[in-house]
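A short worksheet on the structure shown next.
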Amino acid sequence: MTKGKKLFAYTFLIIISLISVFPLYWMMVAATNRSVDVTRGTLMFGTALMDNWIKLFGSQNVGTALFNSFKYSIIMTLISLLICSIAGYGFEVFHDKAKDRVMSVILLAMMVPFAATMIPLYQMFSRARLLNSTLGFILPTISTPFLIMLFRQSARSFPSDIMEAARLDGLSEFQIFYRMFLPTMRSTYAAAMTITFMNAWNSYLWPKVIMSDAKSITMPMLVANLTEGYVTDYGTLMLAVLICTIPTVIIFFLLQKSFAEGITGAVK
């Protein structure tokens, strides 16, 4: 590659990177400015951060929303990883035509929008008395076709000879899974954890439908509450959005390398 092409490539990548980072920068800037300054489109940090902080924590129960979001997201992530990894492992290790048909049906479920099943789900959960509960939050998305497919693809790279040798040594299938499969698929688990945590943390529609108690509010619901009414304080709103964004950003950057390895490993 010539110097001219390298210069063009680096310039293009720098411009794209700046465009990608700009929304995050503008969100941080808006969180430090008054609502009127935000509407004017100011791009400089302001001095209204403490005022916005006092307004936000004075009008909304941010502590409860953060606690609920962390609680729901962590519980859902742990259970989803366990169920989907076992399902993906079983679909591949105990492979036959019947399981291929079942997997095809599961993948077809990805094409059904959640809005189409939301009302029947609400009726079922209402009759089961699971409204305003952690179980009601996590059950509809406790396992997803994408995660099952991700772990199934990863299981294809797991050597069958090692499993046969382990069976001859007297290990059960669960022992093979926990002692051999799980440690070798750390990058896949990291990718699945990142996806599941972010989806659970950013979930809004289903919690809004099923969580009617103020004590069950989550951060996306709190952010939506700030947009209701005749006047919106954009400085306070952007501060709430910033607080809501920080955990997912931290999780992604901590697991960025493992996330990339897990996704590419699953595709291979």
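Take the alpha carbon atoms of the chain, find their radius of gyration, then divide it by 2.2 N^0.38 Å using N residues; give the quotient. Can you show the working numbers first?
On the way: Rg = 22.9 Å, N = 268, 2.2 N^0.38 = 18.4 Å.
Working it through for the chain, the quotient is 1.24.
Whole angstrom only: what separates the Cα centroid of segment 20-79 from the Cα centroid of segment 165-194?
Each part's Cα centre sits 40 Å from the other's.
Normalised by the number of residues in the chain, what is the relative contact order in percent for Cα pairs under 8 Å and 6+ residues apart? Could the numbers behind the result be given before it?
On the way: 253 pairs, mean separation 87.6, N = 268.
Over the chain, the number comes to 33 percent.
Counting only helical runs of four or more DSSP H residues, what would the 222 nm mean residue ellipticity of the chain come to if each run contributes -39,500 (n - 2.57) and the total is spread over all its residues? All intermediate terms of the calculation are to be shown ahead of the outcome.
Details: 15 runs with 196 residues, N = 268.
Mean residue ellipticity, 222 nm, calculated: -23000 deg cm²/dmol.
With charges set only on the Cβ (+1 for Lys and Arg, -1 for Asp and Glu), what does the dipole of the chain come to about its Cα centre, in debye to the nearest 20? List each step's numbers first, then the result.
Numbers: 21 positive and 13 negative charges, 75 e Å.
The calculation lands at about 360 debye.
Express in nm, to one decimal, how much length is gained between LEU49 and TYR10 on full extension, taking 0.36 nm for each residue of separation and deducting their alpha carbon distance.
Numbers: separation 39, 0.36 × 39 = 14.04 nm, distance 3.56 nm.
So the chain would gain 10.5 nm between LEU49 and TYR10.
No lab work stands behind these numbers, since they all come straight from the coordinates. A quick note: this is a predicted structure, and the numbers were derived from the prediction, not measured. A quick note on method: Cβ atoms are made from the backbone with ideal geometry, for glycine too, and the neighbour counts reach across all protein chains shown.
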